[in-house]
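Here the structure is laid out as structure tokens; the discussion comes afterwards.
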Amino acid sequence: MHCVKSILLFSDGASGHFKNNASIFNLIHHKVDFELEACWTFTATGHGKSAGDGIGAALKSTARRATLSKNILLSTAKDFFEFCQKQQLGIAEKSNRDNPAIDVFYLEADEIEEVKNNILNSRFEKLKALRKKKYLIYSS
């Protein structure tokens, strides 16, 4: 399995991204929270799709074809993850590669809740307090 060294986020210019300052606030702390560098790139609305869109489309298309032709049922996110992981490992093996071209990850709900409860909730409370003051000072 590959080691994740950084997180690259890509978003089009949808207005909702700019209304959620908690996301930007979390981005500032990403390295400390998860020991991973993170970068968020915003592009203009309607100016093409990113590689991530193509990867997602390829995984979903493959899963859809399999569910229609092989009578496979993918009813949960975990089913989809396991199908994609198995499919990517199979492609890598047939291509004589050690690693799949696409790494697929899955997080259980309790893992997400743990991060929310242990890290994010207290940060959001600080952010709410800062909003009342109408200014933000950040120092690392």
> Can you tell me which residue in the range 5-56 is farthest from the chain's Cα centre (by Cα), limited to those that are at pLDDT 80 or above and assigned to a loop (DSSP other than H, G, I, E, B)?
Replying inline: Glu35
>> I'd like the full set of residues that are assigned to a helix (DSSP H, G or I) and either at pLDDT 95 or above or out of contact with any helix residue (DSSP H, G or I) (no Cβ under 8 Å at 6 or more places or on another chain) (or both), limited to the range 57-79.
In response: Ala57, Ala58, Lys60, Ser61, Arg64, Arg65, Thr67, Leu68, Ser69, Ala77, Lys78, Asp79
> Of Arg123, Arg97, which residue is surrounded by 14 or more Cβ atoms within 10 Å (Cβ to Cβ), of a type in the set (Lys, Arg) and more than 16 Å from the chain's Cα centre (by Cα)?
Replying inline: Arg123
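The values are calculated or read from the model by the stated rules, or taken from the named source; none is laboratory data. What you see is a predicted model; the values in this text were computed from it and never measured. Cβ coordinates were reconstructed from backbone atoms using ideal geometry, including for glycine residues, and neighbour counts include every protein chain displayed.
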